[in-house]
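Novice: Can you read through this structure? Questions will come right after.
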Amino acid sequence: GGGGGMKDKEGFSLYTLLDRTKSKMGRGRLREMMLQPLLDVDTISRRYDGIDLFLRSDCQSAVGTVLALLGKVGAIDKILLRMQRVNAVPMDFLTLSQTLGCAVGICTTLAGEVREVLRRA
């Protein structure tokens with residue numbers, strides 16, 4: 001799981017219970033969501049609808065595909081920083097290309113399989 005050094009600082013909390021992040025950026029986003037929770041009922045409802053969609057048994061193939069693709073995503077923030085500083089190495093370009101390919105795969109999966117599930121619902 002994630003959390004890194006956060007677990008030491010946080011102790012046992014809702015944050016550490018929920019923290020399954022894989023990156024520093026993911027941990028920061030989770031922390032931001034915990035510190036600034038949604039307040040708008042419509043936005044909360046849409047988020048719950050999204051969660052419900054991904055928990056449906058007929059979406060599990062798409063969920064598996066999306067999770068596998070997310071597992072291949074590289075540390076784009078670090079790569080872009082190295083590129084900005086003209087300090088990139090060849091592997092950065094390969095990782096960036098792979099990550100963009102994963103992003104396309106995720107969009108394709110969501111547009112295809114998940115849209116089909118919604119159409120049948």
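Novice: Taking the stretch 57-81 only, how many residues are farther than 18 Å from Arg20 by Cβ and either among the acidic types (Asp, Glu) or surrounded by 14 or more Cβ atoms within 10 Å (Cβ to Cβ) (or both)?
Specialist: Number of matching residues: 9.
Novice: Return the residues of the stretch 72-107 that are free of Cβ contacts under 8 Å to residues at least 12 places away in the same chain and outside any helix (DSSP H, G or I); say none if nothing qualifies.
Specialist: Arg85, Val86, Asn87, Ala88, Val89
Novice: Here's a follow-up. Can you pull out every residue in the stretch 38-50 that is open to solvent by less than 90 Å² (accessible area, probe 1.4 Å) and at pLDDT 90 or above?
Specialist: Leu38, Asp40, Thr43, Ile44, Ser45
Novice: Any idea which residue in the stretch 74-121 is farthest from Met25 (Cα to Cα), counting only those that are modelled with pLDDT under 95 and acidic (Asp, Glu)?
Specialist: Once the filter is applied, the top-ranked residue is Glu116.
Novice: Just one of (1) modelled with pLDDT under 90; (2) open to solvent by 90 Å² or more (accessible area, probe 1.4 Å) trips up Leu35, so point out which.
Specialist: (1)
Novice: Could you list, in sequence order, all residues of the stretch 1-22 that are at pLDDT 55 or above and closer than 27 Å to Lys72 by Cα?
Specialist: Tyr15, Thr16, Leu17, Leu18, Asp19, Arg20, Thr21, Lys22, listed by residue number.
The values are calculated or read from the model by the stated rules, or taken from the named source; none is laboratory data. In this text the structure is predicted, and so the values were computed from the model without any measurement. No Cβ is skipped: glycine too gets one built from the backbone with ideal geometry, and neighbour counts run over all protein chains shown. We work out accessible area using only protein heavy atoms, side chains counted, and drop any ligands, DNA or RNA first. Shrake-Rupley method; radii C 1.70, N 1.55, O 1.52, S 1.80 Å.
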